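Derivation of every value follows stated rules applied to the coordinates shown; laboratory data play no part. From a predicted model like this one, the values you see are computed outputs, not experimental measurements. We place every Cβ from the backbone using ideal geometry, glycine too, and count neighbours over all the protein chains shown.
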Amino acid sequence: MVVNLDILRAQLAKLPINEFNGPKFYVHMFSSQPDWRNYFKGSEAIKPEEVPTCPRFLRQGQRVLLSMELMIELADKPQLFDAYVRDLLDKHKQIKGIDYDLYSAFFDVWYGYLSKIIGMSDKEKKEWEAFRVELFLPAVKKYIAGW
Ligand code: HEM
């Protein structure tokens, strides 16, 4: 295993999935990448400060946290990891324009969010980068190639 999952799991243990932390992900995303609101049809003009009281992002924020946690939980179980990532990518398939580069860029938003909410040490960042480059992006590449 190229990624030290214990480090990432210990970090994520400080991030409960709840109605506060979930929407904060989208507050951060829409503050740092306002154009990405265009992928969320119907919420193209939402202001970051409106996100915490928006029922859509109350749920969606928690889905993203759960999904990131599940990937780290499953990362040392290749069969489950592959099946889970494929299902996640299937769920994004109908959203036009989400490509390899955007999946990669998503991690920069994720790092900014983690830094803000629970902090991110150099050691943790290094393991996230290993996860992005060694596990997640290769799965995206495989998916795009017709997996
Ligand atoms: C590792 C990267 C990502 C994770 C873990 C993630 C996670 C999720 C999850 C769990 C859902 C709910 C799917 C469902 O239950 O049907 C979802 C939906 C969605 N995701 Fe992602 N996502 C990722 C990347 C992206 C990117 C890069 C974008 C575009 C900037 C994006 C835009 C969306 C949109 C528009 C939806 C539909 C939600 C709605 O319409 O309310 N996602 N994502």
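Rounded to whole numbers, the Karplus 3J(HN,Hα) couplings from phi for region 109-124 are 5, 4, 5, x, 5, 4, 4, 5, 8, 10, x, 9, 7, 4, 5, 5 Hz, using 6.51 cos²θ - 1.76 cosθ + 1.60 with θ = phi - 60°, and x at Gly and Pro. Here the 3J(HN,Hα) profile of region 43-53, calculated from phi with Karplus coefficients 6.51, -1.76 and 1.60 at θ = phi - 60°, is 10, 4, 10, 4, 8, x, 6, 8, 4, x, 9 Hz, Gly and Pro shown as x. Helix content alone sets the calculated 222 nm mean residue ellipticity of the chain: runs of n ≥ 4 DSSP H residues at -39500 (n - 2.57) each, divided across all residues, give -19500 deg cm²/dmol.
The peptide list 103-111, 76-84, put in order of mean Cβ contacts within 10 Å with the highest first, becomes 103-111, 76-84. Region 92-111 and region 59-74 have their alpha-carbon centroids 15 Å apart.
Relative to its residue count, region 5-145 spans a Cα convex hull of 104 Å³ per residue. Computed on the Cα atoms alone, the convex hull of region 1-72 gives a volume of 102 cubic angstrom per residue.
Summary value for region 5-145: 32 percent relative contact order, contacts being C-alpha pairs under 8 angstrom separated by 6+ residues.
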